[in-house]
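Chemist: I have a structure here, written as structure tokens, and I will follow up with some questions on it.
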Amino acid sequence: MNKTFKDFIMEDLDVFFNVEEMADEHELGGETLTIVVVDSQSNNDITGFPKIQMYASQEVYKQYKTVYVKASDFHIPRIDSIITLDGDEYYVEDAKDEKGMIRIVLSLNES
């Protein structure tokens, strides 16, 4: 049987979501899942400019996390909804399926 491109992508996801490689166990939306969480200071990927500049005058800062989870393990959350990550409530800034992997951008207000 010949492998397709999709087969190779799915095999790559298994490496990416391996706890001995890049992933860790986290609670996401009430479920314990093997996911990859990336912390970041700003949300330049979505807006094209740092949101921290918008909030600086109000002394409100946002902490951002990007979560990667297998599409077969989780759903795409609604943008503007609230979701928990490791017991903290985050605002869903962006969420989309990227070839079998869901990318979720979360934010948390800090003052």
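The values are calculated or read from the model by the stated rules, or taken from the named source; none is laboratory data. This structure is a prediction, so every number in the text was calculated from the model and none was measured. Every residue, glycine as well, gets a Cβ built from its backbone with ideal geometry; the counts of neighbours run over all protein chains shown. Areas reflect the complete protein model, heavy atoms only, side chains present, ligands, DNA and RNA absent. Shrake-Rupley method; radii C 1.70, N 1.55, O 1.52, S 1.80 Å.
Chemist: Which value, in Å² rounded to 10, gives the accessible area of M10 with a 1.4 Å probe and all protein chains present?
Modeler: 90 Å²
Chemist: Taking the Cβ-Cβ separation of D97 and V38 as r and a Förster radius of 22 Å, what is the calculated FRET efficiency to the nearest 0.05? Mind showing how you got there, number by number?
Modeler: Values: r = 18 Å, r/R0 = 0.80.
Efficiency computed from Cβ-Cβ geometry: 0.80.
Chemist: In terms of the ratio Rg/(2.2 N^0.38 Å) built on C-alpha atoms, what value belongs to the stretch 64-111?
Modeler: Values: Rg = 10.5 Å, N = 48, 2.2 N^0.38 = 9.6 Å.
Normalised Rg, Cα atoms only: 1.10.
Chemist: Pop out the carbon and sulfur fraction of the accessible area of the stretch 62-107 as a percent, whole number, probe 1.4 Å.
Modeler: 44 percent
Chemist: Residues with amide H under 5 Å of A71's amide H, sequence separation 5 or more or different chain, H placed in the peptide plane at 1.01 Å from N; which?
Modeler: Close amide H contacts, sequence-distant or interchain: M101, I102.
Chemist: By how many nm would the segment from Q63 to E31 lengthen if fully extended, with 0.36 nm per residue of separation less the alpha-carbon distance? All intermediate terms of the calculation are to be shown ahead of the outcome.
Modeler: Values: separation 32, 0.36 × 32 = 11.52 nm, distance 2.21 nm.
That pair, Q63 and E31, stretches by 9.3 nm at full extension.
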